[in-house]
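What follows is a short report on a single structure.
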Amino acid sequence: MKITITPQAAQWFKNELTVDDGMGVRFYGKVYGKTQVHEGFSVGMSVDTPEHPIGKITADGILFYADEADEWFFKGYDLTVDLDEELNEPKYLFQEE
């Protein structure tokens, strides 16, 4: 699993969240909603302390990652996080690895 954060999305996270040293933005699968590859699940995110990070990347000084407990949700896919400029919120795009 590879995570890509666009510059616009990185700036949104930097403006909207406080991420203290030693913490990062964690992406995970949550019940309800849908993605382009999951029915009944959507992408959640939280500011958290990385314990068993996978797919981690640092963008604009912020660590972005998924935890190995959520590997089932991302297995076989790469995740691109972009900014939906119309809604002014992140949008999540999955591509097969």
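The numbers here are math on the coordinates, done by the rules we state, and not lab data. Everything quoted here is computed from the prediction, not taken from an experiment. As a convention, Cβ positions derive from the backbone with ideal geometry for all residues, glycine included, and neighbour counts pool all protein chains shown.
How would you rank 17-24, 74-81, highest first, on the average number of other Cβ atoms within 10 Å across their residues? Working shown, then result.
Values: 17-24: 11.5, 74-81: 17.5.
In descending order of packing, they fall as 74-81, 17-24.
Stretched out straight at 0.36 nm per residue, the stretch from TYR92 to ASP20 would grow longer than its current Cα-Cα span by 23.6 nm.
Kindly work out what percent of the DSSP beta bridges joining two residues of region 3-96 are antiparallel, to the nearest 5.
Details: 22 of 28 bridges.
Roughly 80 percent of the beta bridges in region 3-96 run antiparallel, per DSSP.
Once the piece of chain linking SER46 and THR58 is laid out straight, how much longer is it, given 0.36 nm per residue of separation minus the C-alpha distance between them?
Numbers: separation 12, 0.36 × 12 = 4.32 nm, distance 1.55 nm.
Result: 2.8 nm gained on full extension.
Here the chain is treated with +1 on each Lys and Arg Cβ and -1 on each Asp and Glu Cβ, and its dipole about the Cα centre works out to around 100 debye.
Below 12 angstrom from the Cβ of HIS52, what's the summed charge of the other residues (Lys, Arg +1; Asp, Glu -1)? Intermediate values should be presented prior to the final figure.
Values: positive: ARG26, LYS56; negative: ASP48, GLU51, ASP67, GLU68, ASP70, GLU71.
Spelling it out: positives minus negatives among the neighbours equals -4.
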